[in-house]
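To keep things clear, I will list the structure first and then write my remarks on it.
The numbers here are math on the coordinates, done by the rules we state, and not lab data. All values derive from a computational prediction rather than experimental measurement. Cβ atoms come from the backbone with ideal geometry, glycine included; neighbour counts cover every protein chain shown.
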Amino acid sequence: MEFSIKTLSPEKAKTGCLVLGIYQEKELTAPARRVDQAAKGKLREALRDLPGKAGSTLLLRLPGVAAERVLLVGLGERREFAEPAYRDAVRGAAQALKDLGAKDAVFFLADLKVGVRTLSWNVRHAVLGLREAFYRFDQLKSQKKAAAPALTHVVLPLSPNPTLQEALAEGAATADGADLARTLGNLPPNICTPAYLADEAKKLARQYKLGIEVLERADMEKLGMGALLAVARASHLPPKFIVLRYNGGAKGRKPVVLVGKGITFDTGGISIKPAADMDEMKFDMSGAGSVLGAIRALAGMKAPVNVVGIVPTCENMPGGHPTRPGDIVTSMSGQTVEILNTDAEGRLILCDALTYAARFDPAAVVDIATLTGACVVALGHVASGLFANDQKLADELLAAADDAWDRIWQLPLWEDYQEGLRTNFADMANVGGRAGGAITAACFLARFTRKLRWAHLDVAGTAWKSGREKGSTARPVPLLVRFTLRHAGRK
Ligand code: BES
Ligand code: MN
Ligand code: ZN
């Protein structure tokens, strides 16, 4: 799907489908008025059949306009028009374009005033919304549904300038990164293994000329990554430790390090999970997928940033040679951990990855993990959990998340919560009680990041959806991309 920005008059645009927004009050926007005039009032006449709710659509053929079809898209009430309505409208329009099988379109939603947002914001979100709606994952179906003719070209009818072109490039590259993260999340655990993730990272490295290193079990042993290796222990699949580097920024500028949890399947280990919906634990590598996706996006748009992606990846299995509840292991940091629950494995692989991250002398470290069911209880499927040991970094992430509309909510990381991890037998236990489970998990990680500017994103509730729409959401790729760019000074 190609996008371009150019000035067009709505009634004269030769296109398969002209997309126009309509407020519920039915007072026409400027382009809609021009189309109505060209069509001698036929647009206004049709309005009574448009429900008006944001995202509702009505497809028309109108005389007097050059477009083959006109798609009216409800925007909801004008005075309530803001980010959610814009996103609903984009999504509704995308769905209708898909159903129609349009090959090209002129997208007159891009010029709407969305609260205090800039046109760049509109452009980024239009591109991401359209690309997401057209994403398909059917590579494992033996009979592919006859593909609708793809929407190959979308014009955003705005007056072109370098800022908008940059927003367009960012949107498209972010969508490419999101596609990668989504597909990695959707792939089953017998295909998307630690070795598969390492191969995908190598592919990215080749394609975008990135630095790459994949550490094997023996390397991890040498580094003393006892916590990570304890998780990988019962699986027949060897663990991998992936390090990807993209240096698009000034030489010597400290990198942002992104660390993604890459559990390709989480059975819980000996503390085994119940059978119901256990298949969904294939999404437990979503953090890893989002790191690879964000790096693909940043490298793809040649962003002026330095980033390092770290992906510790393995499978959490039971077996005849497993890690047992009660085992005590030594992490790479030297701190010892009593593993009281083998299902709290994410923090075990992350703690060694966070220790490793320090060697890059990072400007900031952000880890991304489907870490706790407790975070899903706290924040549902809307906001990802944010924890940070540095409020300036937390604020940067909050602002980027608002900008990317990939929302996060900060939870406390107070020392009071550390008490839960106390044990008589080691430096710490790997679980606290049930209370505040997302926080005690973050507190565990905090013990390995004392010397870093660090933040943790718990995406257990946001990285994927269950039910009919089951699948990876690619969150928080848009946030990570926006954060890294803003951190380097991009608006
Ligand atoms: N991968 C899970 C967390 C998870 C749960 C993600 C539900 C998505 C949906 C994680 O490894 C886990 O099992 N966490 C445990 C921690 C507990 C044992 C302290 C949990 O949340 O139950
Ligand atoms: Mn687990
Ligand atoms: Zn897990």
Exercise for the section: Could you tell me whether the range 279-287 includes any residue that is within 16 Å of ligand 1 (Cβ to nearest atom), surrounded by fewer than 21 Cβ atoms within 10 Å (Cβ to Cβ), under 27 Å from ALA178 (Cβ atoms) and charged (D, E, K, R)? Expected result: yes
Handout entry: Residues of the range 222-270 satisfying the condition of being within 13 Å of ligand 3 (Cβ to nearest atom) and aromatic (Phe, Trp, Tyr)
Key = PHE265
Exercise for the section: Examine the range 364-373 for a residue that is within 16 Å of ligand 3 (Cβ to nearest atom), farther than 13 Å from PHE448 by Cα, small (Gly, Ala, Ser) and surrounded by fewer than 20 Cβ atoms within 10 Å (Cβ to Cβ), and state whether such a residue exists. Expected result: yes
Handout entry: Residue in the range 454-481 that is farthest from ligand 3 (Cβ to nearest atom), counting only those that are within 11 Å of the chain's Cα centre (by Cα), not in a loop (DSSP other than H, G, I, E, B) and not aliphatic (A, V, I, L, M)
Key = PRO478
Handout entry: From the options ALA303, ALA299, residue that is in a helix (DSSP H, G or I) and either away from ligand 2 (no atom under 16 Å from the Cβ) or out of contact with any Leu (no Cβ under 9 Å at 6 or more places or on another chain) (or both)
Key = ALA299
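Can we say ALA378 is within 13 Å of ligand 3 (Cβ to nearest atom), in contact (Cβ under 8 Å) with a residue 12 or more places away in the chain and touching a helix residue (DSSP H, G or I) at 6+ places or on another chain (Cβ under 8 Å)?
Details: within 13 Å of ligand 3 (Cβ to nearest atom): no; in contact (Cβ under 8 Å) with a residue 12 or more places away in the chain: yes; touching a helix residue (DSSP H, G or I) at 6+ places or on another chain (Cβ under 8 Å): yes.
Taking the combined requirement at face value, the residue does not satisfy it.
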Handout entry: Flag for ALA230 being crowded, with 24+ Cβ neighbours inside 10 Å, closer than 24 Å to ILE328 by Cβ and more than 25 Å from the chain's Cα centre (by Cα)
Key = yes
Fill in the blank from the handout: Listed by first then second residue, the pairs whose first member lies in the range 271-284 and is within 12 Å of ligand 3 (Cβ to nearest atom), whose partner is among the β-branched types (Val, Ile, Thr), with beta carbons under 6 Å and at least 6 positions apart or on separate chains, are SER271/THR342; ASP284/ILE263; ASP284/THR370
Practice task
Select from the range 126-148 the residues that are surrounded by 14 or more Cβ atoms within 10 Å (Cβ to Cβ) and acidic (Asp, Glu) and list them in ascending order.
Solution key: GLU132
Problem - Residue count, the range 306-338 (criterion: closer than 30 Å to GLN165 by Cβ and either hydrophobic (A, V, I, L, M, F, W, C) or within 16 Å of ligand 2 (Cβ to nearest atom) (or both)) - result: 2
Exercise for the section: Among residues belonging to the range 6-31 that are without any contact (Cβ under 8 Å) to a residue 60 or more places away in the chain and among the hydrophobic types (A, V, I, L, M, F, W, C), point out the one that is surrounded by the most Cβ atoms within 10 Å (Cβ to Cβ). Expected result: ILE22
Problem - Residue list for the range 412-428, filter: touching a Gly at 6+ places or on another chain (Cβ under 8 Å) and within 21 Å of GLY226 (Cβ to Cβ) - result: LEU421
